[in-house]
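The structure under discussion appears below in the form of structure tokens.
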Amino acid sequence: MSISRKTITLKKMNSEKSYTAPDKHGYYGQFGGAFIPEMLYRNVEELRSKYLELIADINFQRELNLLLHDFAGRPTPLYFAERLSNQYNANIYLKREDLCHTGAHKINNTIGQLLLAQRMGKKRIIAETGAGQHGVATATVCALKGLDCIVYMGEKDMQRQAPNVARMKMLGAKVIPAISGSKTLKDATNEAIRDWINHPDDTHYIIGSVVGPHPYPDMVARFQSVISKEIKEQLKEKTGTAFPDYVIACVGGGSNAAGAFYHFLDEENVKLIAVEAAGEGLKTGKSAATTVLGKPGILHGSKSLLMQTADGQVVEPHSISAGLDYPGIGPLHAHLFTNGRANFLNATDREALNAAFELAKLEGIIPALESAHALAGLKKLFTEINEHAKKRETVVVCLSGRGDKDLETYMQHIS
Ligand SMILES: *Cc1c(COP(=O)(O)O)cnc(C)c1O
């Protein structure tokens, strides 16, 4: 029997010791909540009051699992990377989200949210996108189900990410340029929120990471949790135990990390390693390492850590990888960082590039630049640990996406 057909087990809300679910107001410790304009209250409240029941429904689960299996290509392999393992004296497994349809984990979430939207009677889907990856994943599922799709994208990003704009259009989505401010992601987000306020009855807003007002962080984490559910089953089958010593994932907003950590959050023996983008370096002013440089604040509807000036203006982030180029992290991750359940590392653009070239040569896999940060984290950790290592530890790295989209950047750095 295929493992993806078993239903996702839902953790109970409010169980105090569990990291997996926020409290009923959407808080993970001091982070989270729903800080939204009055005019959005109805939309967000409708979602909050319905999402858990809709997700738990047996028919919903059946359709979700069928689409994850037949459309997205799940379960993705858990691949034992032998040459990489020898290099770092550890047993390294790669969770191959790069083999998902559309090239990354994002499709897990867009399928889930689209099915929810349909069950809430919505006919129209909106999304915002920076690099275009989430926009493509959203346009893909809208085409699959025949729903109208409107994607807001900064005008500057549309020029920089022309191939993804073409993909969205080919999939039938309308891409609307955001022409205010810096003409990038945050301006596109403002446009999407404005649209949602104007269309509360027929429209669902698909957010692409574990960010935004409650219930988005929890909802997206649940849809991505299929990653760690499969890791447990696959690792058990391969090694006899479901629990690795380490799980490593990159963090932009934090959805692939949330998915890879989810079923290990309450297993304190599994060390969780999140890797942020240090950009050109932590002290260069061109970085996206939120836990190092950020402070508590409110961004996109929830309280979390974010990079800001002394008077609270959001600082423009930088990373070579468009998917990690975000000034905040989701509230779950802010909580995991603050109470020490997860360790946060960071990798520079250069370190990520080196890790990507290494994986390509050692394993025949070209990773997304985002995922290359997780590999750079592995490299840092195990170059140090190696010196004292007595036994080979088991490490799972979440390979969140494939590198086709990053080829132009890689070509500039091939020596
Ligand atoms: C979008 C993206 C990310 C970053 O988003 P998270 O929500 O932090 O997972 C990471 N990897 C890939 C391949 C992406 O497309």
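The figures follow:
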| read-out | value |
| --- | --- |
| The range 223-266, residues that are among the small types (Gly, Ala, Ser) and more than 16 Å from the ligand (Cβ to nearest atom) | GLY240, ALA242 |
| Unique match (being within 19 Å of THR184 (Cα to Cα) and within 15 Å of the ligand (Cβ to nearest atom)) among LEU306, LEU272 | LEU306 |
| Any pair with Cβ under 9 angstrom, 6 or more apart, that starts in the range 26-37 at a residue that is within 10 Å of ILE298 (Cβ to Cβ) and ends at one that is among the aliphatic types (A, V, I, L, M) and surrounded by fewer than 19 Cβ atoms within 10 Å (Cβ to Cβ) | GLY33/ILE298; PHE35/ILE298 |
| Filtered residues of the range 309-340 (kept if farther than 23 Å from GLN133 by Cβ, polar (S, T, N, Q) and under 20 Å from the mean Cα position of the chain (by Cα)) | THR338 |
| Close pairs (6 angstrom Cβ cut-off, 6 or more residues apart or separate chains): acidic (Asp, Glu) in the range 229-243, in a helix (DSSP H, G or I) and surrounded by 14 or more Cβ atoms within 10 Å (Cβ to Cβ) anywhere | GLU233/ILE3 |
| Selection within the range 168-182 - surrounded by 19 or more Cβ atoms within 10 Å (Cβ to Cβ) and part of a helix (DSSP H, G or I) | MET168 |
| Yes/no for LYS106 being out of contact with any Cys (no Cβ under 7 Å at 6 or more places or on another chain), away from the ligand (no atom under 16 Å from the Cβ) and modelled with pLDDT of 95 or more | no |
| Segments classed as helices (runs of 4 or more DSSP H), wholly inside the range 302-415, with at least 1 members that are without any contact (Cβ under 8 Å) to a residue 12 or more places away in the chain and polar (S, T, N, Q) | 407-413 |
| Pair list, Cβ < 9 Å and 6+ apart or interchain, from the range 281-294 residues that are among the basic types (Lys, Arg) to residues that are buried (at least 21 other Cβ atoms within 10 Å of the Cβ) | LYS286/GLY279; LYS286/PRO317; LYS286/SER319; LYS286/ASP349 |
| Residue check, VAL220 within 14 Å of the ligand (Cβ to nearest atom) and within 19 Å of ALA137 (Cα to Cα) | yes |
| Of residues in the range 19-70 being among the aliphatic types (A, V, I, L, M) and under 21 Å from ASP195 (Cβ atoms), the one surrounded by the fewest Cβ atoms within 10 Å (Cβ to Cβ) | MET39 |
| Top-ranked residue of the range 121-152 - restricted to ones that are more than 20 Å from the chain's Cα centre (by Cα) and more than 18 Å from LEU66 (Cα to Cα), ranked as nearest to the ligand (Cβ to nearest atom) | CYS149 |
| Enumeration of residues in the range 241-261 that are surrounded by fewer than 24 Cβ atoms within 10 Å (Cβ to Cβ) and among the aromatic types (Phe, Trp, Tyr) | PHE243, TYR246 |
| Candidate set from the range 389-408 (those that are away from the ligand (no atom under 11 Å from the Cβ) and within 23 Å of GLY259 (Cα to Cα)); member that is surrounded by the fewest Cβ atoms within 10 Å (Cβ to Cβ) | GLU393 |
| Wholly enclosed helices (runs of 4 or more DSSP H) of the range 183-288 bearing at least 1 residues within 30 Å of ALA90 (Cβ to Cβ) | 216-224, 226-239, 255-261 |
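The values are calculated or read from the model by the stated rules, or taken from the named source; none is laboratory data. Everything numeric in this text was worked out from a predicted model, so none of it was measured. Cβ atoms come from the backbone with ideal geometry, glycine included; neighbour counts cover every protein chain shown.
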